[in-house]
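The values are calculated or read from the model by the stated rules, or taken from the named source; none is laboratory data. Keep in mind that what you see is a predicted model, and the values were worked out from it rather than measured. For neighbour counting, all protein chains shown are included, and Cβ atoms are generated from backbone atoms with ideal geometry for every residue, glycine included. Ligands, DNA and RNA are stripped out before the accessible areas are found, and what is left, the full protein with its side chains, is counted by its heavy atoms. Shrake-Rupley method; radii C 1.70, N 1.55, O 1.52, S 1.80 Å.
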Amino acid sequence: MSTIASTGTAVSPPRASTREWIAVLAGMIGAFMAILNIQITNASLLDIEGGIGTGVDNGAWISTSYLIGEIIVIPLTAYFSNVFSFRRYILVNSILFPLFSIACAFTHDLGSMIVMRGLQGFAGGVLIPMAFTMVLTKLPKPQQPIGLAVFALSVTFAPAIGPTIGGYLTENYGWQTIFFINAIPSAIMAVALAATLDKAPMQLRLLREGDWAGIVTMAIGLAAFQTVLEEGNKEDWFSSPFILKLSLVAFVFLSAFIWIELAVEKPLVKLRLLKQRNFGIGVVVNVLVGVALFGTVYILPQYLGQVQRYNAEQIGNVLAWTGLPQLLLIPLVPMMMKRFDARYIGCLGISIFAISCFMNITLSGDSAGDQFWIPNIVRAIGQALVLTPITAITTAGIAAADAAAASGLTNMLRNLGGAVGTATLGTVLTKREQFHSNIIGQSITPAREEVRQRLDQITGYFMSHGVSDHAVAAQQAVIALGRIVKRQALIMGFSDTFAVIGVLLALAAVTLLFAQKPKAGTGAGAH
């Protein structure tokens, strides 16, 4: 493990060995694949739903079950990597992850798909905080910004490129292939980690000391909470007894979890870390950025699919422009952090990200792929500047002993922010569509001359295209006008949803300025 010279003499800054860099980069492959798999199904949901014979309402569970598995396992990772040894735990999960992924391709119904995706998330979720922990423990402080930039690339580039890869594979080779792509990268990762990580003995005695009450309450509470978020909009929230009971379960178990974590001597999740100013502010910003990161990758494919009738590959091609510029920009961020205050870089990035969302608040029926090109490039520029500085600010005062705990808490809450955000934005979209539909509907009445003229035009169109009965043509004209109103209301609902994301990002940008300035070149506390 890297150590930092403690002498005051002018020594050359410590550098990580090639072996340590190989371990860190192999871990990043795992983090990238794990995050990629949250979003890889987004552009292909309609095809997968058809393949396993389920409806559109339930299809979101294909993404959600994976996310639940990840959110539950991320905070457990620090504890289990101590029990089973860091090397053994990451190797086992780097093998289980592609196996569960391949199993998803062979499922034939929604139930088995949910189980396999959940298990895939449970294995993949381990890889995210462990990659982050390796940056904080394997790399000396001067080199940590480079490691954090690579991690940022995994976290922001993977969601952007996921639908592109998934859409291309689905359209050309069938939806099953999106679950096979994890095999080769996972094999490379497992071989590299096996060769570079030091062996350590298992400490099974720690199982007796485990915070099992915290583990159980967290797992039940988070699973219930996520189910409420996923099903709430469909069930009309608290008017449904099922949602009401499940919300009560989530509230009771999550409250018990927080109380246990603050009371016990060796908590599963070190919530006390949130009392540190920079860590607390960094986590809040991380959650808001998580809402935007996951929210935009959820909302844009929905718009392109529902309004513009794009197929999976076309949706992926539009989203590619939020990913590709990041490949060029993120490597430059560590150099910027040496010259400028990380808070201002992060604030600038979040502000640019917010501007890209506000560029989408005037959508019309003509807003298709080409119209999203500039907003998506602006978004990519913003996202590239966001995560590395935020992570440096968040981890600046964290001791090496707390690195794994801080990593688990940060990554869990960002993913949880994404899950809450996706569900909330889905509800915002539905409610705003209903609102606009009612407003437009009130003004479209047969009493208005323009409406009568439009209905006559549409009736004439149907009669000139094979409908001989005037009454039938008039009825079809009313239906067609209703569809136009619904489509317009849906477009306005999407515009409002982008505005909500923009406002949340503006809040995040302001919040970040309240953090203390991290010391130059910091990533985590002393080693």
Diffusion coefficient in µm²/s returned for segment 17-200 by Stokes-Einstein, Kirkwood Rh over C-alpha pairs, 10 °C and 1.306 mPa s, is 96 µm²/s
Taking Cα pairs closer than 8 Å and at least 6 residues apart, the relative contact order of the chain in percent is 22 percent
One quarter of the C-alpha convex hull surface, i.e. the mean projected area of segment 224-267 in nm², amounts to 3.0 nm²
A 1.4 Å probe over the protein heavy atoms gives the chain a carbon and sulfur accessible-area percentage of 66 percent
Hydrodynamic calc, segment 131-222: Kirkwood Rh from Cα pairs, then Stokes-Einstein at 37 °C with viscosity 0.692 mPa s, so D in µm² s⁻¹ is 189 µm²/s
Summing -39500 (n - 2.57) over every DSSP H run of at least 4 residues in the chain and dividing by its residue count gives a helix-only mean residue ellipticity at 222 nm, to the nearest 500 deg cm²/dmol, of -25000 deg cm²/dmol
Expressed in angstrom and rounded, the centroid-to-centroid distance over alpha carbons for segment 196-267 and segment 459-480 is 57 Å
Between ASN58 and LEU324, the two model label points (7 Å from Cα along the beta-carbon direction) sit apart by a distance in nm of 3.9 nm
Working note, segment 368-527: Cα radius of gyration (Å, one decimal) and Dmax (Å, whole number) are 25.7, 83
Correct response: the longest run of the chain lacking exposed trypsin sites (Lys or Arg not before Pro), defined by DSSP loop and at most 11 other Cβ within 10 Å, is 1-198
Subtracting the Cα-Cα distance of ALA200 and LYS338 from 0.36 nm times their residue separation yields 46.1 nm
Debye calc, one equal point scatterer per Cα of segment 187-246, no solvent, log10 I(q)/I(0) at q = 0.17, 0.27 1/Å comes to -0.74, -1.00
Whole-Å distance linking the alpha carbon centroid of segment 31-102 with that of segment 284-318 is 19 Å
Per the 1/(1 + (r/R0)^6) rule, R0 = 30 Å and r from the Cβ atoms of ARG208 and TRP237, FRET efficiency to 0.05 is 0.10
So for R0 = 25 Å, FRET eff. of ASP370-ARG309 from the Cβ-Cβ r, to 0.05, ends up at 0.95
Measuring from the longest principal axis of the C-alpha atoms of the chain, the long axis of helix 110-138 (C-alpha) lies at a number of degrees, nearest 10, equal to 40 degrees
So the pair-distance distribution of the chain, from every Cα-Cα distance in 10 Å bins, comes to percents of 4, 18, 28, 26, 14, 6, 3, 2, 0, 0
Regression test value, accessible area per residue of the chain, probe 1.4 Å, units Å², expected 42 Å²
